[in-house]
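Below you'll find the structure, written out as structure tokens, and then a few comments.
Nothing in this text is a laboratory measurement; each read-out follows from the coordinates by a stated rule. Computed from a prediction, not measured in an experiment: that's the story for all the values here. Here the Cβ positions follow ideal geometry from the backbone for every residue, glycine too, while neighbour counts run over all protein chains shown.
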Amino acid sequence: MSNDILVITEHMDGKFSDVSFEMVGKAKELASALGGQAVAVVVGGGVSSNVFASDSTIHVDDAALSNFNPEAYGKVIEALVKEKSPKVVMFGWTVTGMDIAAWLSARTGAPLAAYAKDVRVEGGGIVVSSQAYGGKLMADVAPEGDMAIVACLAGSFPVEAGQGSTAATTMASPVDAGSLKVKFVEAIKPAGGDVDITAQAKLVSIGRGIGGKENVELAEELAKALGATVSASRPVVDAGWLPRTRQVGKSGLKVKPKLYLMLGISGAPEHLEGMKSAELIIAVNTDKKAPIFNVAHYGATADLFEVAEAMLELL
Amino acid sequence: MNIVVAIKHIPSIADDLPVKGNNVDFDSVDFVLNEWDEHSIEQAVLIKEAVGGTVTVIGVDLIGELDNALHLALAKGADKVVKITADDPAADSHMQAKWLSEAIKGMGADMVFAGVQASNDLDGQIGPMIAAYLDMPYIGGVSSIEANGDSATVNKEFAGGAGAKYSVHMPFVAGVQSAPKPPRYAPVSKVRQMAQSATVEKVAPSGDASSGLAFKKMAPPVVTGHAEMIEGSSKEVAAKIVELLKSKGLA
């Protein structure tokens, strides 16, 4: 067993995601407190891996891994973890990290702390602060045993601390691609033709509180009066009330408008990932304890329909 | 096609979540079906409608109130429902995934679906763990599944509308993000009819697993910033928002 921290980085179209750098920066801090090394792990080809401030970088470079494959990536990471016996394995709690972290936990018996906002060293072990229940509670948990898996929410640590130029050591994939049951077929590009919400200066964003497709029109009218565009949180899109192109958040788009007016969005961590950098955030929600009020600049505990209609009369 | 859908009964986050000791006070909260489970049930029923087969919905009964969710699943098109009688509201994802895996093992499933995540997945989601315990591959963030013989075409979502298409050999476990169509509505009369006529199969929990997480503290988040709250009636709130926007040149 070592005191090393393995960081499972992620990349798409030749670019690493911010969360990769965020975790490497955090891993350096943890490794130095634990007397181990921060090791960045890059799985897949088609990317330049000498970009981290890690103590070392391992690049499992194989053409068969150039596209994300949960089965193949899981097996590669499991083999690495067994070989290196690290103290901590860090994943992003992202659309790719979520496919592997819990699987690896069940495979290895190592505890997983997900939704991590912070990790610190206490008494020779680590303590993880995780968001739970849609951000309504925070839990401090101490993983038991020799190895822990931590899955970090994007945006929890500074990006800069993980940026560097450590030269990577490449290794071949230990996985026989022919034996895989999951096969990548093709990439699906985002559907074009709709307005690009990431390019809008003003967004009126609706959540589950909008109640039904028939009420979207009210948000559209308000947006029109403000010269804004309507965007939404995931439940609205999953319900088919607005197209996927309008979705803000972890599985949607990241936006940074001048105005983000939120109607009926409670502010789950997945949504916050997509909009917390907006310049002015105003939230209207009936739940006075909605987590969004910890993030918004202005808030009101009110009925969104009454507020929207009254605003329309004034605009 | 034999499809098993593993569901999770979770504390509702629509209300306050009181804390007792270092965990949620489970006696004081309502339990609801995980919202993503509605999508995995819908996806299963859509496949059954397309190619035939059976849909079995199974969940861990944590507080003796899972029947409602199971009757709803039957009303939406599930053929069979099973509850694991645990009576342990604090059972974590590892524990539930283990019990579910032991119960699913003998079902001969071609595909196992679970919601991609749940708001109480502090120790991870049940889908990938069921896959690990059953030694099946897992793919999550799934937005559509089509069965073709002994494999399925699975679309996985990445961010921003991008995604990828995979071919997955059965049996496998999928974490459903959303069904290709919004979950169907089941009339109350039909749910009631199921409650009166249907049989919920009961299975005792078998197997043991644990998250391995020691809870040191649970509390509402320490608020570093808070919105400046606009008080008053809806009309007054609207007027103040419009005034604010005008003062910033945004309206």
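Miscellaneous remarks
- Note on chain B: with a GNM built from Cα contacts shorter than 10 Å, the maximum mean-square fluctuation among B:Pro171, B:Pro182, B:Pro221 falls on B:Pro221.
- Charged neighbours of B:Thr85, selected by a Cβ distance under 9 Å, balance to 0 (K, R count +1; D, E count -1).
- Among the GluC sites (Glu not before Pro) in the range A:237-312, those placed in a DSSP loop whose Cβ has at most 14 other Cβ atoms within 10 Å are A:Glu279.
- Label point 7 Å beyond Cα of A:Leu312 along Cβ direction - residues of the range A:205-221 with amide nitrogen under 16 Å: A:205-206, A:210-221
- Pairwise centroid distance, computed over Cα atoms, of the range A:17-51 with the range B:1-47, Å: 34 Å
- Chain B: Rg to Rh, with Rh as the Kirkwood radius over Cα pairs: 1.05
- Reduced Cα scattering model of chain A, Debye log10 I(q)/I(0), q = 0.11, 0.15, 0.16 Å⁻¹: -0.74, -1.15, -1.23
- CD proxy at 222 nm, helix term only [per DSSP H run n ≥ 4: -39500 (n - 2.57); per residue of chain A; nearest 500]: -7500 deg cm²/dmol
- Mean partner shielding of peptide B:164-174, defined as the number of other chain Cβ atoms within 10 Å of each residue Cβ, is 4.
- In a DSSP loop and with at most 13 other Cβ atoms within 10 Å, the trypsin sites (Lys or Arg not before Pro) in the range A:235-300 are A:Lys288.
- Inter-centroid distance (Cα atoms) of the range B:135-154 relative to the range B:77-98, Å: 23 Å
- Cα-projected label distance for B:Gln193 with A:Ala199, points at 7 Å along beta-carbon direction, nm: 5.1 nm
- Cα→Cβ-extended label distance, 7 Å offset, between B:Asp30 and A:Ser66, nm: 5.2 nm
- Charge tally in the Cβ shell below 12 Å around A:Val182, where Lys, Arg are +1 and Asp, Glu are -1, A:Val182 excluded: +3
- If R0 is 30 Å, the Cβ-Cβ spacing of B:Ser247 and A:Lys15 corresponds to a FRET efficiency of close to 0.15.
- Across the alpha-carbon set of the range A:197-314, the Rg to Rh ratio works out to 0.91, Rh being the Kirkwood radius.
- Long-range Cα-Cα pairs in the protein assembly as shown (distance over 31 Å), rounded percent: 48 percent
- Burial order of peptide ranges B:187-198, A:164-175 (average beta-carbon count within 10 Å, highest first): A:164-175, B:187-198
- Seen from A:Asn3, the other residues with C-beta closer than 12 Å to its C-beta sum to a net charge of -1, counting Lys and Arg as +1 and Asp and Glu as -1.
- Separation of alpha-carbon centers, the range A:165-229 and the range B:169-240, rounded to whole Å: 22 Å
- Sequence-separation-based contact order of chain A, relative, with Cα cut under 8 Å and 6+ spacing, percent: 16 percent
- Helix-only mean residue ellipticity at 222 nm for chain B, each DSSP H run of n ≥ 4 adding -39500 (n - 2.57), per residue, nearest 500: -8500 deg cm²/dmol
- Tail beyond 15 Å, pair distance distribution of the range B:36-85 (Cα, percent): 41 percent
- Applying a DSSP loop filter and a limit of 15 other Cβ atoms within 10 Å to the trypsin sites (Lys or Arg not before Pro) in the range A:1-62 leaves nothing.
- Label-to-label distance, B:Val222 versus A:Lys224, with points set 7 angstrom from Cα along the beta-carbon direction: 4.9 nm.
- Cross-link table A:Lys117/A:Lys250; A:Lys288/B:Lys235; A:Lys202/B:Lys156; A:Lys136/B:Lys216; A:Lys224/B:Lys156; A:Lys224/A:Lys250, entries beyond 22 Å C-alpha to C-alpha: A:Lys202/B:Lys156; A:Lys224/B:Lys156; A:Lys224/A:Lys250
- GNM result for chain B, Cα springs below 10 Å: residue of B:Ala159, B:Ala90, B:Ala44 fluctuating most strongly: B:Ala159
- Rounded to 0.05, the FRET efficiency of the B:Thr85 and A:Ala79 pair, given R0 = 41 Å and the Cβ-Cβ distance, is 0.60.
- Of all DSSP beta bridges in the protein assembly as shown, antiparallel share, percent nearest 5: 35 percent
- D (Stokes-Einstein, µm²/s), Kirkwood Cα radius, the range A:28-86, 0.692 mPa s at 37 °C: 263 µm²/s
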